[in-house]
Amino acid sequence: MKSQIIFETEILLVRRLKMSDIKPYHEMQSNPKVMQYVIGEVQSEKEHLIELDRLISFYNKEGNDFWIYAIDRKLDNEFVGTLAFIKDDNGDDEIGYRFLEKYWGLGYGSNLCKASVVYCKSIGMPKLIGYVINLNVASAKILKKCNFDYVKDGIDPYSKLPEKKYQLLL
């Protein structure tokens, strides 16, 4: 069985999701403030259970290009959010992250993004893409802090909100 740990920072641990993550995963995914920049709506715990099972099944899928990981706080192994590496519509590697609302504003996003850049370089990704809804000022700040460059404006296909595309050549 492959290691559950993908990489770590001084304060965070990135690992594979597991079914026992359902409670904090559902708490995060059912928070309208968390989801406002994603799909704009929340789902039931039953729907999240199905989704979590599907995300975990991707780990063993041949040719998988859709990786969603759990983020734990090292201090107490508390689930604080998720990190995604997926291929966008252009075949580029896209980074995405979200945190439970109670962990916003604690520097976890910047810490995670910096370490993600190092990790992605180490596995040979040529560049990282980030799409940020214009209203999501905090995420845009994180990408800029991690040296991502603005590429262009667009419309998010799910929320239909204006977004900016950023990229970082690795």
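Taking every residue in the range 34-50 that is closer than 22 Å to residue 109 by Cα and in a helix (DSSP H, G or I) and pairing it with any residue that is of a type in the set (A, V, I, L, M, F, W, C) and modelled with pLDDT of 90 or more, at least 6 positions away or on another chain, the pairs with Cβ-Cβ distances below 9 Å are 34/28; 34/99; 34/100; 34/104; 35/28. Consider the range 61-102 and keep the residues that are among the aromatic types (Phe, Trp, Tyr) and without any contact (Cβ under 8 Å) to a residue 24 or more places away in the chain. The one that is surrounded by the fewest Cβ atoms within 10 Å (Cβ to Cβ) is 66.
Please indicate, with yes or no, whether at least one residue in the range 107-120 is within 27 Å of residue 24 (Cα to Cα) and not in a helix (DSSP H, G or I). Looking through the range 107-120, at least one residue is within 27 Å of residue 24 (Cα to Cα) and not in a helix (DSSP H, G or I). Filtered by the rule that a residue be under 15 Å from residue 159 (Cβ atoms), surrounded by fewer than 16 Cβ atoms within 10 Å (Cβ to Cβ) and either hydrophobic (A, V, I, L, M, F, W, C) or at pLDDT 95 or above (or both), the range 12-42 gives a lone residue, 39. Any idea which residue in the range 4-27 is farthest from residue 107 (Cα to Cα), counting only those that are in a strand (DSSP E or B) and touching a residue at least 60 places away in the same chain (Cβ under 8 Å)? Going through the qualifying residues, I end up with 6. Restricting attention to the range 72-106, the residues that are β-branched (Val, Ile, Thr) and within 14 Å of residue 27 (Cα to Cα) add up to 2. List pairs: first residue in the range 154-170 and under 17 Å from residue 144 (Cβ atoms), second residue surrounded by fewer than 18 Cβ atoms within 10 Å (Cβ to Cβ) and among the basic types (Lys, Arg) anywhere in the structure, Cβ distance under 8 angstrom, at least six positions apart or on different chains. As it stands, the answer is 164/152; 165/152; 166/144; 167/127; 168/127; 169/127; 170/121; 170/127, since those pairs meet every condition given. Taken together, the residues in the range 59-90 that are over 15 Å from the mean Cα position of the chain (by Cα), assigned to a loop (DSSP other than H, G, I, E, B) and farther than 23 Å from residue 149 by Cα amount to 8.
Counting residues in the range 91-103 that are acidic (Asp, Glu), at pLDDT 95 or above, over 17 Å from residue 5 (Cα atoms) and assigned to a helix (DSSP H, G or I) gives one or more.
The values are calculated or read from the model by the stated rules, or taken from the named source; none is laboratory data. Note that the coordinates shown come from a computational prediction; the quantities given were computed from them, not determined experimentally. When we count neighbours, we look across all protein chains shown, and the Cβ atoms used for this are built from the backbone with ideal geometry, even at glycine.
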